[in-house]
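Trainee: Sharing a structure, written as structure tokens. Questions coming.
Computed from the coordinates by the stated procedures, all read-outs in this text should not be read as laboratory data. Computed from a predicted model, the values in this text were never measured in an experiment. We place every Cβ from the backbone using ideal geometry, glycine too, and count neighbours over all the protein chains shown.
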Amino acid sequence: MLLVDSINNYIKFLQYEKLSSKHTVQAYQTDLFQFYTFLEFQYSIDCIKDINHHIIRSWLAQMLNEGISARSISRKLSTIRAFYRFLRKEYHIDVNPISKVQAPNVEKRLPVFVDSKSIEKLIDEVDYNDDFEGERDKLIINLFYSAGIRLSELIYLKISDIDNFNHQIKVLGKRKKERIIPVSSEIINQIKIHLINKKSNGFSNEMLFCTKKGLNMYPRLVYNIVHLKLALVSSLKKKSPHVLRHTYATHLLNNGADLNAIKELLGHSSLAATQIYTHNSIERLKEVYKNKHPRS
């Protein structure tokens, strides 16, 4: 079986059967064709049966020598593992060489989040222009922090996804999985004002947010809005929509929310993905102990 054909079939599987996001498909495609290029250039291999664990280890060694981070290498090896699971299921491949390859140790990075005082400044004190864009930008910031949604989920949020009566929104997450997220009456009121402004500007598309020209929002624009506003209240190196999502989860946990509930709100497929936020909570408790306990 030719390697290039099986890679293409796997990419189609991700797109049309697993319904992976464009970002995920692109990342897997990039990793697999980097692997394919390595095999072709170093070993003249174009057939799956010729790949063994020694060859995969040599790819790993080459990446380490090139200065690629352990985190990136681990991600690429995860891609190869997922690819071989597909091969074993679809083509009944018996040999799985990746099972004998261990990824390099990766230092765990805690989610970066904004402290409560800075969030209050971001929402209540930062100046937002008194026009359509300013009102829209403030709602975007508030939704990221109040609902913990992903950038892609915000961009594709439709007006019909807003439930004013029940104070909740419906988002389409990874693998086209829908989930319902409660929001405050304040958010609902801001959305109502936004829709009035949107209509008065002659914008009639079905999406909740649009550009100042009435076109669909795009990731770079949303990222720039968040980055610009966060820079006014925080010195964090990373200033992205995902930081506000991390902040939403961390603040919920720090205020006593159940971890399983946070998992559902974030749309995580497993509790393991949510548990990383407990580390931030533990660090907060350590700080409280250090500052408040007389014998600390």
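Trainee: At 222 nm, what helix-only mean residue ellipticity would the chain give, in deg cm²/dmol to the nearest 500, using -39500 (n - 2.57) for each DSSP H run of four or more? Intermediate values should be presented prior to the final figure.
Mentor: Values: 13 runs with 171 residues, N = 296.
Computed ellipticity for the chain at 222 nm equals -18500 deg cm²/dmol.
Trainee: Starting at the first residue of region 119-124, write each ³J(HN,Hα) from the Karplus equation 6.51 cos²θ - 1.76 cosθ + 1.60 with θ = phi - 60°, in whole Hz, x for Gly and Pro.
Mentor: Result, ordered by residue: 5, 4, 5, 4, 8, 9 Hz.
Trainee: Considering amide H positions built from the backbone, and no H for Pro or chain starts, which residues 5 or more places from Ser21, or on another chain, come under 5 Å of its amide H?
Mentor: Here the answer is Arg175, since their amide H atoms fall under 5 Å of that of Ser21.
Trainee: Let me ask you something else. Cut-off is 10 Å between beta-carbons; in what order do Met1, Met217 appear when sorted fewest neighbours first?
Mentor: Details: Met1 13, Met217 20.
Fewest to most other Cβ atoms nearby, the residues stand as Met1, Met217.
Trainee: If you don't mind, another one. Could you sort 201-210, 175-184 so that the peptide with the highest average Cβ count within 10 Å comes first and the rest follow in order?
Mentor: The packing order, highest mean first, is 201-210, 175-184.
Trainee: Go through region 231-240 residue by residue and turn each phi into a ³J(HN,Hα) via Karplus (6.51, -1.76, 1.60, θ = phi - 60°); whole Hz please, and just put x for glycine and proline.
Mentor: Taking θ as phi minus 60°, the curve returns 4, 7, 10, 9, 9, 4, 5, 8, 9, 10 Hz for region 231-240.
Trainee: What does the C-alpha gyration tensor say about the overall shape of region 1-117? Classify as rounded when a/c is under 1.5, otherwise prolate if a/b is larger than b/c, or oblate. Spell out each step's value before the answer.
Mentor: Working: a/c = 2.12, a/b = 1.36, b/c = 1.55.
Oblate shape, in that a/c is at least 1.5 and b/c is the bigger or equal ratio.
Trainee: Which of the GluC sites (Glu not before Pro) found in region 103-136 are in a DSSP loop and have at most 11 neighbouring Cβ atoms, other than their own, within 10 Å?
Mentor: Qualifying residues, ordered by number: Glu107, Glu125.
Trainee: With θ taken as phi - 60° and the coefficients 6.51, -1.76 and 1.60, list the Karplus ³J(HN,Hα) couplings across region 16-28 in order, rounded to whole Hz; mark glycine and proline as x.
Mentor: Couplings: 9, 10, 7, 6, 5, 5, 4, 4, 5, 4, 5, 5, 5 Hz.
Trainee: Return the label of the correct value of Cα Rg over 2.2 N^0.38 Å, as calculated from the structure shown, out of (i) 1.08; (ii) 0.92; (iii) 1.20.
Mentor: (iii)
Trainee: Of the cross-linked pairs Lys22/Lys100; Lys76/Lys176; Lys121/Lys237, which ones have a Cα-Cα span greater than 20 Å in the structure shown?
Mentor: Checking Cα-Cα distances, Lys22/Lys100; Lys76/Lys176 exceed 20 Å.
Trainee: May I pose another question? Cross-link candidates for Lys212: which lysines have Cα within less than 20 Å, leaving aside residues fewer than 8 places away along the same chain?
Mentor: Within reach: Lys138, Lys158, Lys192, Lys198, Lys199, Lys229.
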